[in-house]
Structures are given as structure tokens and as C-alpha cells.
1. Check cross-link reach from Lys161 to the lysines: straight Cα distance under 21 Å, and skip same-chain residues fewer than eight apart.
2. Can you pull out the GluC sites (Glu not before Pro) in the stretch 171-250 that DSSP calls coil and that have at most 14 other Cβ atoms within 10 Å?
3. Kindly state, to the nearest 0.05, the FRET efficiency for Leu136 paired with Ser199, given R0 = 35 Å and r defined as their beta-carbon distance.
4. Taking 0.36 nm per residue of sequence separation and subtracting the Cα-Cα distance, how much length would be gained by fully extending the chain between Glu347 and Glu95, in nm to one decimal?
5. Counting only protein heavy atoms and a 1.4 Å probe, tell me what percentage of the stretch 167-241's accessible area is made up of carbon and sulfur.
6. Sequence neighbours fewer than 8 away in the same chain don't count; with that in mind, list the aspartates and glutamates whose C-alpha is under 17 Å from Lys421.
7. Given the stretch 24-77, report the % of alpha carbon pairs whose separation exceeds 18 Å.
8. What number in nm² do you get for the stretch 97-151 if you take the convex hull of its Cα atoms and divide its surface by four?
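The values are calculated or read from the model by the stated rules, or taken from the named source; none is laboratory data. None of the values given here were measured: they were computed from a predicted structure. Here the Cβ is made from the backbone with ideal geometry for all residues, glycine too, and neighbour counts use every protein chain on show. What goes into the accessible areas is simple: the full protein's heavy atoms, side chains included, and nothing from ligands, DNA or RNA. Shrake-Rupley method; radii C 1.70, N 1.55, O 1.52, S 1.80 Å.
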Amino acid sequence: METMTHTLLDELRWRGLLYQHTEGVATLLQRGVASGYAGFDPSAASLHVGNLVPIMALVHLQRSGHRPIALVGGGTGLIGDPSGRASERQLLTLEQVEANVRGIRSQLARFLDFDDASGNGRGAILVDNGDWLHGLPTVEFMREVGKHFTVNYMLQKESVKARLDGGISFTEFSYMLLQAYDYLELHRRYGVLLQLGGSDQWGNITAGIELIRRTVGVEAHAATLPLVTTASGAKFGKSEAGAVWLDASLTSPYEFYQFWLNADDRDVGRYLRYFTLLGREEIEGLDQSTEARPERREAQQALARDMTSRLHGEVALRAAVEVSGFLFGGLEPTSLSGAALQVLSAEAPFVEMRESDIGDPQGLDVLKMLVASGLATSNGAARRLLEQGGISVNKRKLASQERHVPASETLLEGGYVILGKGKRDYAVVRVLR
């Protein structure tokens with residue numbers, strides 16, 4: 001845990017995670033255990049790596065001795081935040097939002113400690129704003145919240161101003177008031193006096209501060225975090241396959257590991273500061289390694305290992321490292337664990353075949369496996385590939401007439417066989433006995 005002499009603001013500042021904050025945040029944090037929150041939009045079934053910035057802000061809040069509250073927008077998710085968007089969001093059904101909220105809960109538990117067994121009031125809390133928004137009467141909301149905000153005040157907020165030319169519905173226009181009400185409700189229920197969010201949320205957050213001041217007469221605070229982009233100017237959190245999700249069924253642990261491993265040398269130092277809990281001295285040492293020996297990619301490896309282990313666990317990390325070593329390094333197939341072979345079968349074309357269908361006294365029929373796995377379109381095409389010397393089994397290049405391979409020497413753990421076409425194309429066959 002960070003000491004009181006090394007404050008939360010100090011930690012966020014050296015890591016580059018502090019964009020701006022209201023005056024008085026330092027005083028609030030010095031008075032004792034403070035409760036702060038960040039909101040998460042359940043517009044998808046999973047959080048993505050872009051959400052890691054507010055998640056890590058909550059992690060540092062907890063590590064500095066305070067109580068983090070993760071607010072999932074089961075209510076506001078039915079409307080959608082207009083911040084940073086050029087067009088209207090597609091409205092989700094209540095069932096879709098509730099399903100998304102359930103998925104997000106389990107992901108947050110990988111980063112925050114929700115156990116308050118010691119009774120010190122620092123255990124994280126997960127809250128769904130649908131608990132108070134779904135049953136909120138419209139007239140009551142307009143009387144309690146709407147009367148405190150003029151239309152002119154709302155029009156000055158960047159999230160609204162940026163949409164005026166193209167048009168903004170009343171539904172999204174009112175989002176600011178709902179987020180402000182969330183802050184007030186969290187203050188009433190949990191004594192929250194600090195909201196954390198992206199720099200594009202400043203207008204919505206300060207609206208909540210104003211509502212608390214007007215209705216309760218208490219000074220609340222805000223701290224915003226940077227919006228992350230890559231050194232090339234691209235939006236952070238995208239790969240060639242699209243968004244990088246925290247749900248393993250949407251982005252596999254191997255793909256997750258590769259995303260971090262492929263970080264640009266110009267970005268990796270920032271990512272280590274933003275997303276890991278590595279100390280300042282270790283990160284600065286990795287910075288020096290990137291500058292002096294960039295080909296070793298030591299910083300990227302440290303980043304990929306830390307992130308994959310924290311989200312998916314050590315077993316998934318080891319499997320991802322093994323598969324990477326096989327595909328891009330010199331790791332022999334016989335060294336792959338059963339877990340790594342399962343990962344590889346999910347990343348490459350995969351087929352299961354009975355030994356009785358592809359085996360005979362001469363061994364396993366390579367041509368049949370090539371066709372079944374999709375590496376060849378027909379027996380004739382497979383034969384031509386073999387004759388041209390373009391086929392390998394478990395990284396061993398086959399001779400032009402080597403149509404059969406002995407099962408006893410070929411099958412890897414779990415009955416797997418790795419077929420190769422050329423230098424880059426692989427497929428996995430699992431032989432069932």
C-alpha cells in the first residue's frame with residue numbers, strides 16, 4: 001500500500017494518469033478514508049482495454065487507503081452518453097443492458113479487492129445505477145434535479161456543444177443530468193465526494209459537483225484522466241481484429257498477450273505507467289532497455305506478462321507465452337503444454353479426426369489432414385504442396401514423397417498434430433483414438 005507521504009495524486013501524476021482536478025482533492029484525501037467512484041458504460045457485453053484507465057485509477061485509489069466504487073450504468077446505459085460521439089447511440093433493451101452489467105462485474109473483480117473482511121471501509125463496492133434510476137418518477141426528477149440547471153449551462157458543456165450542428169436528441173441531452181444525479185445519490189448512500197473519469201467527462205462530472213453543492217451544501221470533487229492515443233495518433237485499444245476486450249471469449253488470452261507485446265516502442269513506457277503496478281525504478285529501467293536495446297523488447301514482454309497474468313491468470317499467461325514462442329521463436333512443438341496446444345487450436349484452423357479415418361499401417365495420412373484442416377482444397381492440391389516441399393508436421397519439413405507419418409512419433413500431448421504450409425500458415429489436427 002502507498003504511504004500517506006506518497007499520496008494518490010503523487011502516484012497518478014508520475015504515472016501520467018492525472019489530467020486535471022478540482023482544488024481541494026488533496027485535502028479530501030488527507031482527512032481519512034475517502035470514497036471515490038468511476039462509471040462504466042454497459043453498452044457492450046465486455047469492457048475493453050480503453051476502460052483500463054479508470055479501472056487503474058480506482059486501483060490506485062484503493063492502494064492509497066481509500067474506498068473505490070465502480071458504478072455500472074444499468075440505468076444510464078439505456079440512454080447512452082453523448083460524450084465523444086458524433087451521432088446518436090443505438091438504444092439497447094433492458095435485457096441487453098442487464099446481461100452486459102453481469103459480465104462487467106466479473107471483470108472488475110480481477111482488478112479491485114471487493115473483500116472488506118478487515119472492516120476498514122476500504123473494500124471496493126460495485127453499484128448499478130439502475131437501482132435508483134429505473135424507478136425514479138419523472139416529475140420528481142425534474143423537481144429535484146432539473147430545476148438546478150439552466151439550458152444555457154448545459155449548452156456550454158463540450159459533450160453537448162459538439163453535437164449541436166448535427167443534432168442531439170433530448171434523450172442524450174438529458175444524460176448530463178442523470179450522471180449528476182448519480183453523483184448525488186452515491187454521496188447520499190456512500191458518502192462519495194470524488195468522481196474519477198476521462199478528460200471528456202469533465203462537464204458531466206462538474207454538473208454533479210454543482211448539484212451536490214446546491215442540494216446538500218457539500219463540496220465534492222473531480223479528478224480526470226487522460227484519453228489514451230497511440231504514438232501514431234490512432235485510438236488506443238484497437239487491433240487489426242477490432243476492439244481488444246477483457247472477456248476471454250471475445251479476445252482470447254493469447255490475442256490479449258499479443259496486443260501488449262506488439263506495443264510501439266514509443267508507447268510502451270506510457271502503457272507500463274498507466275496499466276501496471278510496476279514501480280518507478282523498474283519502469284525507468286525498462287525505458288532504458290527500450291532505448292538501448294529495442295530489439296529485445298524487454299519492456300513489451302514485461303507489459304504483456306503483467307497484463308495477461310492479472311486479467312487471465314498464470315496458466316493462461318504461460319500458454320500464451322508458449323504459443324508465441326512456437327509461432328515466432330524457436331520453441332519446439334514437443335515443448336508445448338496441453339494448455340498451449342488448446343490455445344493454438346483456437347487461434348489456427350482446427351479440426352478433430354478419428355485415427356481410423358486417417359490412419360493405416362503406414363501411419364497418419366498427411367494429405368487427408370491437409371484437406372480436412374483447410375490448408376489444401378483437395379488431395380491433388382495437397383499432393384502438389386507436399387511434392388514442392390512446402391509441408392511440415394510439428395515443424396519438421398516433410399520429404400516430397402512422405403505422405404504418411406508414424407502416429408507414435410507424431411502425436412503431441414492430447415493427440416494434437418501441427419501442420420504447416422510454407423513459413424506462416426498453420427493448422428491443428430486433433431487425432432481421436
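1. Output for Lys161: Lys147.
2. Numbers: sites: Glu172, Glu185, Glu210, Glu219, Glu240; in loops: Glu219, Glu240.
Passing both the DSSP loop test and the Cβ count: Glu219, Glu240.
3. Details: r = 29 Å, r/R0 = 0.82.
Given R0 = 35 Å and the Cβ-Cβ separation, E is 0.75.
4. Working: separation 252, 0.36 × 252 = 90.72 nm, distance 3.13 nm.
Result for the pair: 87.6 nm of gain on full extension.
5. Numbers: 1480 of 3000 Å².
Exposed carbon and sulfur together represent 49 percent of the surface.
6. Partners found: Glu332, Glu347, Asp365, Glu387, Glu402.
7. Values: 557 of 1431 pairs.
Pairs farther apart than 18 Å: 39 percent.
8. Numbers: hull surface 25.6 nm².
One quarter of the hull surface, i.e. the mean projection, equals 6.4 nm².
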